[in-house]
Amino acid sequence: MKNILRRLRGALGNALVWGGMWFGSTFALLLGPYFLGSGRTDLSWPVLRVLFEASLLIGLVGFVTGSAFSAYVASAFRDRKIEDLSPARFALGGSLVPIPIVLLLKMWLSAAMGDGWIFMSELVVPVTFSAKLGALTGYGTAKLAQKAVSPGESQDELEHGTERLLSQT
């Protein structure tokens, strides 16, 4: 039971990291052209609200994608050590995992709004954006996990060290 709870905690942590990264990067990408393209420096509340809501939606998609990525990692890299993980394979998996999520979300939103047909031209930008963001986040996840474990340190040692550190505070 403890092992299952530990894995669920890890999946939730991964989902929160992915959601936060997707929110922050989207907000920065949307805010940049406002200052660079228009030459304006006054940022009104309605503009900020739209940027925040769009970034929050992408952050929620990132949260769901991070959960799905955790399932991918659990199945694809089950018996491997953290030191043996390939950041390139994580990036590939991170780019492929969001594609069905974005497609399903787009179909669900179109059906809910009564738009009818979905054209490929409507899917190119969201799928490309989420795939690139997923690849970057997947690569970063692998590099961060490898930095967290020192060479020769086992996962059990890392967990016991974390428990000792938490019990001291």
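The values are calculated or read from the model by the stated rules, or taken from the named source; none is laboratory data. What you are looking at is a predicted structure, and each value in this text was computed from that prediction instead of being measured. In this analysis, Cβ positions are derived from the backbone assuming ideal geometry, glycine residues included, and neighbour counts consider all displayed protein chains.
When the residues of segment 101-132 are filtered to those that are of a type in the set (S, T, N, Q) and farther than 21 Å from SER25 by Cα, which remaining residue is modelled with the lowest pLDDT?
Checked segment 101-132; the qualifying residue modelled with the lowest pLDDT is SER121.
List every residue pair whose Cβ atoms sit under 9 Å apart, with the two residues 6 or more apart in sequence or on different chains, where the first one lies in segment 111-128 and is touching a residue at least 24 places away in the same chain (Cβ under 8 Å) and the second, anywhere, is part of a helix (DSSP H, G or I) and not charged (D, E, K, R).
Short answer, once both residue conditions are applied: PRO126/VAL61; PRO126/VAL102; PRO126/LEU103; PRO126/LEU105; VAL127/PRO98; VAL127/ILE99; VAL127/VAL102; VAL127/LEU103.
Within segment 7-39, count every residue that is surrounded by fewer than 11 Cβ atoms within 10 Å (Cβ to Cβ), at pLDDT below 85 and farther than 26 Å from PRO126 by Cβ.
1
Checking ARG80 against (1) outside any helix (DSSP H, G or I); (2) over 18 Å from LEU144 (Cα atoms), which single condition isn't satisfied?
Evaluating ARG80 over (1) outside any helix (DSSP H, G or I); (2) over 18 Å from LEU144 (Cα atoms) leaves (2) as the failure.
Do we have VAL61 as modelled with pLDDT of 75 or more and closer than 15 Å to TRP18 by Cβ here?
The answer is yes for VAL61.
Can you find even one residue in segment 46-54 that is outside any helix (DSSP H, G or I) and surrounded by fewer than 20 Cβ atoms within 10 Å (Cβ to Cβ)?
Within segment 46-54, the first condition is being outside any helix (DSSP H, G or I), and the residues that meet it are none.
No, every residue in segment 46-54 fails to be outside any helix (DSSP H, G or I) and surrounded by fewer than 20 Cβ atoms within 10 Å (Cβ to Cβ).
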